[in-house]
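Report on the following structure.
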Amino acid sequence: MLYQIIAVLLWSSAFIAAKYTYTMMDPLMMLLFRLGIAALLVLPACLRHWRGIGRQYWPGLLWLSFWNYVVVLALQFWGLKFTSAASTSTIAGLEPLLTVFIGHFFFRDRAAWYHWLCGLLAFVGVALLIAGGGEGGDISLLGCLMVLGGGVVFCATLRPTQKMIAAIGAPAFTSASMAVAPLLCLPVSLLLSDSLRIGWNMPGTLGLLYLGVCCSWLSYTFWNKGMTSVSANFSGMLTASEPIFGTLLAVLILGERISALSLLGVVLVISATVGSVMLPKLLAHRQEAT
């Protein structure tokens, strides 16, 4: 669990670093460079493990790498271009609930009544967040929907990823999937980027290095290592802390302004997500007491 907590904390700062990187390159070009840096870091480990990965696992590994790294990150960070870092972090905070609902509809992992209640409150919070964006000045419906789409894909791949890690091991999966990710991202970045021009500057370069080393290589290494010992639902629940830290960093570092209505939405989303984590434990404790 500790490994995944560290990963979530690193991910919560990724949107802040990305805003600096956007001063010098397009989001999809940033993603290509970010994945390229991470691939170089995992290459030695990949060379050690790739021969031990059975041929039957490679198609699934390539698909999981594409969905986890290319699709999820492209949607989230492309959406970030159109909206604030605080709203992006808040939307990403819906992932614990999305994990439960995807499990309910597609994996026969039934959601409890409190998940539905918290889910309703969370999406009301998202509506308030977007509605208050006009007053705050930088919250976009398009950007929020793209980030939400990335969250849906991320949660949908949690269980297949866990099965793959159980089959080939976390070190092999992490190193191999990250090593091929920039190759899978290359055509996406070249075809969909608004501009291929790069105007290098120091803040953007430092942000890019932080994204590649800490928010990609280190965070995914910790996340996948933690996947070997916790359930998919619990992994999803750990992301409840991401909007708290992400929103706080957006206000303190980027100086983003949040309107009163949007702030109410942020609080409602965070409260609903944390509630979905805490209620099962409280109810179980009450049953044991009686």
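The values are calculated or read from the model by the stated rules, or taken from the named source; none is laboratory data. Computed from a prediction, not measured in an experiment: that's the story for all the values here. Here the Cβ is made from the backbone with ideal geometry for all residues, glycine too, and neighbour counts use every protein chain on show. Areas reflect the complete protein model, heavy atoms only, side chains present, ligands, DNA and RNA absent. Shrake-Rupley method; radii C 1.70, N 1.55, O 1.52, S 1.80 Å.
For residue 143, the criteria (1) touching a residue at least 60 places away in the same chain (Cβ under 8 Å); (2) open to solvent by 10 Å² or more (accessible area, probe 1.4 Å); (3) farther than 23 Å from residue 60 by Cα; (4) not in a loop (DSSP other than H, G, I, E, B) hold in every case but one, which is (2). Residues in the stretch 34-48 that are free of Cβ contacts under 8 Å to residues at least 60 places away in the same chain and closer than 15 Å to residue 214 by Cβ: 1 in all. Does residue 191 satisfy being modelled with pLDDT of 95 or more and farther than 30 Å from residue 123 by Cα? The answer is yes for residue 191.
How many residues are in a helix (DSSP H, G or I) and either open to solvent by 10 Å² or more (accessible area, probe 1.4 Å) or farther than 24 Å from residue 224 by Cβ (or both) if we restrict to the stretch 1-15? Qualifying residue count for the region: 7. Confirm whether residue 101 is among the aromatic types (Phe, Trp, Tyr), farther than 28 Å from residue 25 by Cα, in contact with a helix residue (DSSP H, G or I) (Cβ under 9 Å, 6 or more places away or on another chain) and surrounded by 16 or more Cβ atoms within 10 Å (Cβ to Cβ). Yes; evaluated as a whole, the condition is true for this residue. Residue 110: basic (Lys, Arg) and part of a helix (DSSP H, G or I), yes or no? In short, no.
On the given criteria, is residue 64 touching a Gly at 6+ places or on another chain (Cβ under 6 Å), within 21 Å of residue 156 (Cα to Cα), hydrophobic (A, V, I, L, M, F, W, C) and surrounded by fewer than 24 Cβ atoms within 10 Å (Cβ to Cβ)? No.
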